[in-house]
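A short reminder: the numbers here are calculations on the coordinates, not readings from a lab. Owing to the predicted nature of the structure, the values given are computational and were not obtained by experimental measurement. Virtual Cβ from ideal backbone geometry, glycine too; neighbours counted across all protein chains shown.
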Amino acid sequence: MEPIEQALKAFDQDGRLQKRIERQRQELLDSAIVQAFLQDHPDVTRSMIDRALSKLYEFKKERGNCQTCPGLDHCPNMIKGFQPVLYTERGSIEISYSRCQLKREREAEQAKLQLIQSLYIPKDILKATFDDMEQNEERAEALSEGLEFALSANPGEKGKGLYLYGKFGVGKTYLLGAIANELKTKNIQSYLIYTPDFFREMKQAIGDGSFQEKLEAVRKAPVLMLDDIGAETTTAWTRDEVLGPILQYRMAEKLPTLFTSNYDYDELEEQLAYSEKGGIERLKAKRIMERIKHFTTFVEVGGQNRRSM
């Protein structure tokens, strides 16, 4: 078989194909984006260019797509959300791809969404903000304390949280959501958990072998929010094997915990003292409450029941 060069010469006797190739090559090299690369790399030789023509074409085409970007969802590049970068290495022109600005912004936003983990919490609560909350005299202290906590939170250094006490439907859980979203702007992760369902899940986790993993995730959360504590039927097991270890670890590591409850401190202690078997264990309940009292600020959330309005 004759060499490809000879075959091309026989086919292109009048040199038109060669002239066309040379013209396209020159147009490529004259393009502003390739010229900018060549000016930044004065060591690039003609032979390096000739060996890298396909890479230069790819670079020009993909960067052209970026200059008329239709948005990340409609990115026409070979790798969606990535733009080409030229560089030289060992006497050759090479091409690589890096995330574009839109791709980085999308990933940053997705990462922020992951800063709020939740279990059994309604989606509207996870969108709560302080700006959306109704402000009146009955709620002023609670909103002030919530915002102050969110702005000054420093897990690992400041371990004190909040105990939000109030009647059913006054917005305690919504306030937790607003705090979680404010923490998100500071890149502080929070776990917002509906306590009764969480305790039920932990019982099931014993059977499927995931108990320790789930316990570790919750007790090591930078900011933990236990919603509606006391609403569940107290058992010695949930108090001593779940809640106790969580609080003990968080106290030692100065990780703040926030609670909401329809019970004040004394009423919750009574709840924790009773078990489903009818026994009363006041000493164990008192130990739990001492941890809660010492590492929370008691805040009463006033107002009307908004769920009935």
With everything on Cα atoms, drop me the angle between helix 53-67 and the longest principal axis of the chain, reported from 0 to 90° to the nearest 10.
50 degrees
If you bin every alpha carbon distance in the range 59-105 into 5 Å steps from zero, what whole percent lands in each bin?
5, 22, 32, 20, 10, 7, 3, 1
Would you mind listing how long the range 159-205 runs along its three principal axes, going by Cα atoms, in whole Å with the largest first?
34, 29, 19
Using a Förster distance of 41 Å, the FRET efficiency for Glu22-Glu105 (Cβ separation, nearest 0.05):
0.45
Helix 244-253 sits off the longest principal axis of the Cα atoms of the chain, rounded to the nearest 10 on a 0 to 90 degree scale, by 60 degrees
Thr185-Phe130 pseudo-label distance in nm [points 7 Å out on the Cα-to-Cβ vector]
0.7 nm
If you scale each eigenvalue of the Cα gyration tensor by 5 and take the root, what three semi-axes come out for the range 75-144, rounded to whole angstrom and sorted largest first?
47, 13, 11
10 Å binning of all Cα-Cα separations within the chain, expressed as whole percents from 0 upward:
5, 20, 21, 13, 9, 10, 9, 7, 4, 1, 0
Using only the Cα atoms, what convex hull volume per residue in Å³ does the range 27-115 have?
109 Å³
Could you list the residues of the range 243-263 with an amide nitrogen less than 18 Å from a label point located 7 Å from the Cα of His294 in the Cα-to-C-beta direction?
243-259
Using just the alpha carbons, could you tell me how many Å³ per residue the convex hull of the range 166-233 encloses?
87 Å³
Taking all pairs of different Cα atoms in the range 81-188, averaging 1/r and flipping that mean, what Kirkwood radius in angstroms comes out?
17.0 Å
How many angstrom separate the Cα center of the range 236-268 from the Cα center of the range 95-148?
25 Å
Suppose every Lys and Arg Cβ carries +1 and every Asp and Glu Cβ carries -1, with no other charges. What dipole size does the chain come out with about its Cα centre, to the nearest 20 debye?
720 debye
Normalise the Debye intensity by I(0) for the range 146-305, one equal point scatterer per Cα, no solvent, then take log10 at q = 0.15, 0.16 Å⁻¹ and round to two decimals.
-0.78, -0.89
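Looking at the calculated P(r) for the range 184-272, what percent of the C-alpha pair distances fall above 21 Å?
So the portion of pairs separated by more than 21 Å is 29 percent.
Enumerate by residue number the trypsin sites (Lys or Arg not before Pro) in the range 164-272 meeting two conditions: DSSP loop (anything except H, G, I, E, B), and at most 13 other Cβ atoms within 10 Å of the site's Cβ. Intermediate values should be presented prior to the final figure.
Working: sites: Lys167, Lys172, Lys184, Lys186, Arg200, Lys203, Lys214, Arg219, Lys220, Arg239, Arg250, Lys254; in loops: Lys167, Lys186, Lys220, Lys254.
Sparse-neighbourhood loop trypsin sites (Lys or Arg not before Pro): Lys167, Lys186.
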How big is D for the range 220-277, in µm² s⁻¹ as a whole number, if Stokes-Einstein is applied with the Kirkwood radius of its Cα pairs at 10 °C and 1.306 mPa s?
131 µm²/s
What's the Cα-based Rg to Rh of the range 129-168, Rh via Kirkwood?
1.01
Please give the helix 16-30 orientation as an angle from the longest Cα principal axis of the chain, in degrees from 0 to 90, rounded to the nearest 10.
40 degrees
For Lys103, go through the lysines and keep the ones whose alpha-carbon is under 30 Å away, minus same-chain ones fewer than eight residues off.
Lys55, Lys60, Lys61, Lys80, Lys112, Lys123, Lys127, Lys184, Lys186
Once the Cβ-Cβ distance between Ile206 and Ile280 is put in as r, and R0 is 22 Å, what FRET efficiency do you end up with, to the nearest 0.05?
0.30
Tyr265-Ser96 FRET efficiency (beta carbon distance; Förster radius 45 Å; 0.05 resolution):
0.15
Multiply the residue separation of Lys123 and Ile33 by 0.36 nm, subtract the distance between their alpha-carbon atoms, and state the gained length in nm to one decimal.
27.7 nm
